[in-house]
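Okay, structure first, notes after.
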Amino acid sequence: TSIISTKWRYLFASISTIEFDRYLLRGLTHRNVDSFKNFVDRLLKLPDQVSLDCFRLRDAISCNDGDHDFDVSGWICAALCRGVKEINLELHNLGDVPPVLFTCHSLVTLRLDARGCKIEVPSVVCLGNLKTLQLIHWVLFGDDSIHRLISNCHVLEDLAFIECFVENARELHIQIPSLKSLVLHFVTRRDRDLNYGVVIDVPNLVYFRYNAAIVECYSHMKSLEKADICIYGFHSNLSIDATHLIQGICNVWYLSLNIHEVISGTSRLLIFHNLIEFKFCGRETSLVEFLHCAPNLKTLTIRFLDFERTRWKALSIEVPSCLSFHLKEIEFSCFDTHMIEMVNYFLENAIVLKKLVISMDLLTWIQKAEASNQL
């Protein structure tokens with residue numbers, strides 16, 4: 001634009017969304033890195049510029065060598081000075097995050113991938129307008145930095161911990177009355193003790209996703225409508241802790257439950273009166289027990305991790321009431337021929353059933369493999 005007309009020389013400064021993508025940055029050569037750095041400085045720091053709606057910076061490690069260090073901290077501060085509303089940072093080994101990031105009143109959305117970076121939450125946090133916070137690859141230590149961060153986001157609605165590690169912490173306490181969506185995705189190593197607990201006090205939460213090894217978890221989520229739960233256990237208290245977690249989500253109308261281990265004692269579960277759609281992935285010995293806890297279930301999707309060839313008629317002397325009155329749709333995902341007895345069980349007992357879907361993906365794969373071997 002500056003070549004076409006001198007009046008348009010600084011037209012680029014009126015852009016309200018700025019994104020430096022990883023592919024653009026990797027395309028730079030040593031010859032033009034300095035030119036690019038100067039361009040970014042002018043773009044962010046020119047006087048009389050419009051406020052920024054969004055600033056995104058994604059992994060530029062390939063050209064961030066000793067000769068060409070990017071002033072990432074300065075770029076972030078310049079975006080903050082322009083009243084940026086959304087910041088999305090993937091700072092893989094690019095540098096440290098300036099503490100001023102956590103005292104920005106204009107921020108509404110903050111997504112921070114901390115892999116390979118040092119991030120320190122300051123003693124004073126002020127994110128009064130922040131509604132969405134996503135923390136990726138963070139290490140949650142035993143100090144109170146995370147609690148200090150989230151407790152000072154007074155209008156926060158969407159909180160996500162994605163592929164985070166918990167180190168030397170006794171308890172992760174999430175108490176945010178305004179929160180509507182919560183994602184807890186923790187990465188755990190088998191050689192580490194799971195000696196921490198999770199306390200969730202979010203009375204207005206609508207959506208909850210938990211993907212981690214099960215730990216002692218107590219929750220207050222009375223407004224919850226939808227939950228995606230994937231749990232696995234490394235210790236002997238799996239059944240007890242899983243029961244505590246599942247009891248805390250008993251108000252949902254949609255539940256996706258993925259259980260990597262056998263959980264006994266499901267009879268202690270509360271009744272899921274509102275549950276109308278249920279996706280189950282796990283061992284079939286637990287399925288009927290869960291169905292007894294969902295009297296109003298209408299849609300059921302089933303996928304088994306390991307079919308045990310259990311005699312279904314012996315499993316369920318008393319037919320779950322949802323089969324007699326409400327269950328209208330059933331889908332078997334990754335169907336195997338050993339499930340014929342189970343299909344017959346549902347056809348005989350699901351009185352109001354209208355739709356039955358059988359996915360033959362696994363069987364088709366086996367048939368193709370056998371045909372290939374014959375050739």
Handout entry: Separation in nanometres of the label points that stand 7 Å from Cα toward Cβ, at Asn38 and Glu216
Key = 6.2 nm
Exercise for the section: Starting from the amide H of Phe20, placed 1.01 Å from N in the peptide plane, find each other amide H under 5 Å away whose residue is 5 or more places distant or on another chain. Expected result: Arg56, Leu57, Arg58
Exercise for the section: Just read off the accessible area of His154 with the full protein assembly in place, 1.4 Å probe, to the nearest 10 Å². Expected result: 130 Å²
Exercise for the section: Using the Karplus curve 6.51 cos²θ - 1.76 cosθ + 1.60 with θ = phi - 60°, work out ³J(HN,Hα) for each residue of the stretch 2-12 in order, rounded to whole Hz, and write x for Gly and Pro. Expected result: 5, 6, 5, 8, 5, 5, 9, 4, 10, 4, 4
Fill in the blank from the handout: To the nearest 0.05, the calculated FRET efficiency linking Asp201 and Glu329 through their beta-carbon distance, R0 being 45 Å, is 0.80
Exercise for the section: Could you please report the charge total around Ile87, scoring K, R as +1 and D, E as -1 over all other residues with beta-carbon less than 10 angstrom from its beta-carbon? Expected result: +2
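The values are calculated or read from the model by the stated rules, or taken from the named source; none is laboratory data. Not measured: the values here are computed from a predicted model. Positions of Cβ are backbone-derived with ideal geometry, glycine not excepted, and every protein chain shown enters the neighbour counts. Keep in mind that these areas ignore ligands, DNA and RNA; they rest on the heavy atoms of the full protein, side chains included. Shrake-Rupley method; radii C 1.70, N 1.55, O 1.52, S 1.80 Å.
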